[in-house]
Amino acid sequence: MTNKRIWLSLAQMSGEEQKYIQEAFDTNWVTSLGPNVCGFEKSLEKYLQEEKKVVALSSGTAAIHLALVQLGIQSGDEVICQSFTFAASANPIKYVGAMPIFVDSEKDTWNMNPVYLEQAIISRMKKGKKPKAIIPVHLYGMPANMSVILEIANHYEIPVIEDAAEALGSTYKNQKCGTFGEFACLSFNGNKIITTSGGGALICSAEDQANKTMYYATQARDDAPHYQHSDIGYNYRMSNICAGIGLGQMSILERHVARRKKIHAIYSERLSKLSGISLLENPSGEYNSNYWLTCIQVDSDKTGYTREDLRLAMNKANIETRPLWKPLHLQPVFKDVPFYGDGTSELLFDNGLCLPSSPVLTDDDLSRVIQIFKI
């Protein structure tokens, strides 16, 4: 069928997942404990190649939430967050009763702009509200400018929670994304680099943080023969079934990253010949994106059509695309939140589109997508 649906970012199975799932059923380890959970965590730690501890959780959102909890952030506090990102980067700030402070994007990485980051810190401190954490995001797999962000964070003694939900397999200055911050989160939703069907992980800098994470993620149960609780806890631990999927996925993680990079290279080669179409590319050799999604900007003055015209033409051809994230400072739920920037993220949203990037795509599928640009 020549008009099959081309999806934005489908999962691809290795064939090993079923083995781990069957073992979980055979041994009756189907809860939030078990050898698959421990094995998946150890596999991630080995892959990250840093002295980090990983705790598998129910989602990347849960990971950010527990990082905020461990940093003691509470009602009345403020946390700086990148505006150009999915709402899950900021929602946990509200979970703990704090206020997000949004910062605009750089033009080259599309991530947190260090100039406006420092501007926001100074401004909030003048108001007597020193931010309690900074959440940069590696958007679409593109590493943020972590050297400058960390320099600023360290100068003002503000911890960094790195949102690497989309960046497993990306590196900045040859260091894996997810290993720069005091904490970092990963996501394993069905559309990510690898999947556990649903799930995430918190990357911790020390073993005591990992132990505390597991404590909070399992309803904060005290060490007692009966159910006793001294803290508010959460049901956030990953199940042994989901972790089994993750273990199977780890066997093809590098292959997934390589294929997404190849897909991006094909798009880059063929779309660069078209006037008015530009791609999000590594700004320099220091950046090595996994290209989780290939993203473009449409200059309608040169193409003769808008981003929305292109999206609708793709949809008509049975191809799924998606506008870039709508900046959080434009979201109705965050309409009263302070924002520091120059509107870069708004322009990116207005003109940007995510293209199909799944490793299951064939070269013929990509040709179908690229053909639509001739509308």
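Overview of results
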| read-out | value |
| --- | --- |
| Number of the exception - Gly341 against (1) under 25 Å from Phe373 (Cα atoms); (2) of a type outside the set (Val, Ile, Thr); (3) in contact with a helix residue (DSSP H, G or I) (Cβ under 6 Å, 6 or more places away or on another chain) | (1) |
| Extreme residue, nearest to Thr61 (Cα to Cα), among residues of the stretch 117-145 that are of a type in the set (Lys, Arg) and touching a residue at least 12 places away in the same chain (Cβ under 8 Å) | Lys132 |
| Residue identified as in a helix (DSSP H, G or I) and at pLDDT 95 or above among Val54, Val69 | Val69 |
| Which listed residue, of Gly276, Gly246, Gly304, is touching a helix residue (DSSP H, G or I) at 6+ places or on another chain (Cβ under 7 Å) and free of Cβ contacts under 8 Å to residues at least 60 places away in the same chain | Gly276 |
| Given (1) outside any loop (DSSP other than H, G, I, E, B); (2) more than 11 Å from Asn240 (Cα to Cα), number of the condition Tyr20 does not satisfy | (2) |
| Selection from the stretch 142-177 of residues that are in contact with a strand residue (DSSP E or B) (Cβ under 9 Å, 6 or more places away or on another chain), within 22 Å of Glu281 (Cβ to Cβ) and in a helix (DSSP H, G or I) | Met146, Ser147, Ile149 |
| Within the stretch 223-241, considering residues that are surrounded by 12 or more Cβ atoms within 10 Å (Cβ to Cβ) and free of Cβ contacts under 8 Å to residues at least 60 places away in the same chain, the one nearest to Ser58 (Cα to Cα) | Gly233 |
| Top-ranked residue of the stretch 336-370 - restricted to ones that are free of Cβ contacts under 8 Å to residues at least 12 places away in the same chain and not small (Gly, Ala, Ser), ranked as surrounded by the fewest Cβ atoms within 10 Å (Cβ to Cβ) | Asp336 |
| Residue selected from the stretch 1-22 under the condition out of contact with any helix residue (DSSP H, G or I) (no Cβ under 6 Å at 6 or more places or on another chain) and aliphatic (A, V, I, L, M), by the criterion farthest from Asn318 (Cα to Cα) | Met13 |
| Wholly within the stretch 178-271, helices (runs of 4 or more DSSP H) carrying at least 2 residues that are over 30 Å from Gly15 (Cα atoms) and at pLDDT below 95 | none |
| Any hit, the stretch 48-56, residues being touching a residue at least 12 places away in the same chain (Cβ under 8 Å) and under 30 Å from Ala120 (Cα atoms) | yes |
| Ile161 being crowded, with 24+ Cβ neighbours inside 10 Å and β-branched (Val, Ile, Thr) | yes |
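Conditions (1) out of contact with any Phe, Trp or Tyr (no Cβ under 8 Å at 6 or more places or on another chain); (2) outside the structural domain of Pro92 (by TED's automatic domain parsing), marked per residue:
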| position | (1), (2) |
| --- | --- |
| Pro159 | no, no |
| Glu162 | no, no |
| Lys176 | no, no |
| Arg221 | no, no |
| Ala224 | yes, no |
| Gln228 | yes, no |
| Tyr234 | no, no |
| Ser239 | yes, no |
| Ala265 | yes, yes |
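The values are calculated or read from the model by the stated rules, or taken from the named source; none is laboratory data. This one's a predicted model, so the numbers in the text were calculated from it and none came from an experiment. Positions of Cβ are generated from backbone atoms using ideal geometry, with glycine treated the same way; all protein chains shown enter the neighbour counts.
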